[in-house]
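A short worksheet on the structure shown next.
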Amino acid sequence: MKSGPIVLIDDDIDDQEVFADILKELEVLNTLICFDNSKAGLEYLTKTTDQPFLIFCDVNLPGEKGTECKRQIDADPALRKKSIPFVFYSTAINQDVVNEAYTEMTVQGFFQKKSSYDAIRENIRLIIAYWKECQHPNAI
């Protein structure tokens with residue numbers, strides 16, 4: 001459902017706080033659930049009965065990288081069936097990782113974190129607006 005929580009997997013607490021502030025400013029009603037590592041995010045996703053609306057995941061995380069988290073989501077039949085839109089949202093962009101994400105995983109976007117608050121807000125606004133309008137298996 002489009003009213004499900006937004007999951008943010010990002011080890012930078014400042015980025016989590018900015019993300020939360022922007023969602024509040026944009027009047028996004030979805031609950032934000034933050035995790036600072038992929039293991040905790042994956043544990044939540046496998047155990048929750050909620051239908052998350054959208055996952056934002058950093059690539060560079062402590063322990064397992066965001067790419068490994070996405071591979072585990074893709075490998076889990078129950079999580080694949082949930083069809084949760086997944087976007088990488090990362091500061092550092094490596095073209096090899098972008099290529100890997102699109103050719104070896106089922107990602108729906110790869111975005112670079114912007115440097116200004118206004119640019120970050122606009123980027124997040126566009127991503128959420130797109131998925132609010134997009135038809136996908138869990139949108140109904």
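Nothing in this text is a laboratory measurement; each read-out follows from the coordinates by a stated rule. Just so it is clear, the model here is predicted, and its values are computed rather than measured. All Cβ positions, even for glycine, are placed from backbone atoms using ideal geometry, and neighbour counts span all protein chains on display.
Per-structure values
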| item | result |
| --- | --- |
| Amide hydrogen neighbours beyond the local backbone of F86, cut-off 5 Å, H modeled | I55, Q108 |
| Mean Kyte hydropathy of -1.0 or more with a Cα span along the axis of at least 20 Å, helices from DSSP in the chain | 117-133 |
| Mean Cα-pair separation over length for the chain, i.e. relative contact order, pairs under 8 Å, 6 or more apart, % | 25 percent |
| The range 77-95 versus the range 20-35: alpha-carbon centroid distance in Å | 18 Å |
| Packing-based order for 130-136, 85-91, 71-77, using average beta carbon neighbours within 10 Å, highest first | 85-91, 71-77, 130-136 |
| Coil-residue GluC sites (Glu not before Pro) of the range 1-93, DSSP, other Cβ within 10 Å capped at 12 | E27 |
| 26 Å Cα-Cα threshold exceeded, pairs from K2/K113; K47/K114; K47/K113; K82/K114 | K47/K114; K47/K113; K82/K114 |
| Tensor-based shape of the range 55-140 (alpha-carbon gyration tensor, a/c under 1.5 rounded, otherwise prolate or oblate) | oblate |
| For the range 1-126: rounded, prolate or oblate by the Cα gyration tensor [a/c cutoff 1.5] | oblate |
| Charge dipole magnitude, Cβ of K and R +1, D and E -1 - the chain, Cα centre, debye nearest 20 | 600 debye |
| Helix-derived mean residue ellipticity, 222 nm - over the chain, DSSP H n ≥ 4, -39500 (n - 2.57), to 500 | -14500 deg cm²/dmol |
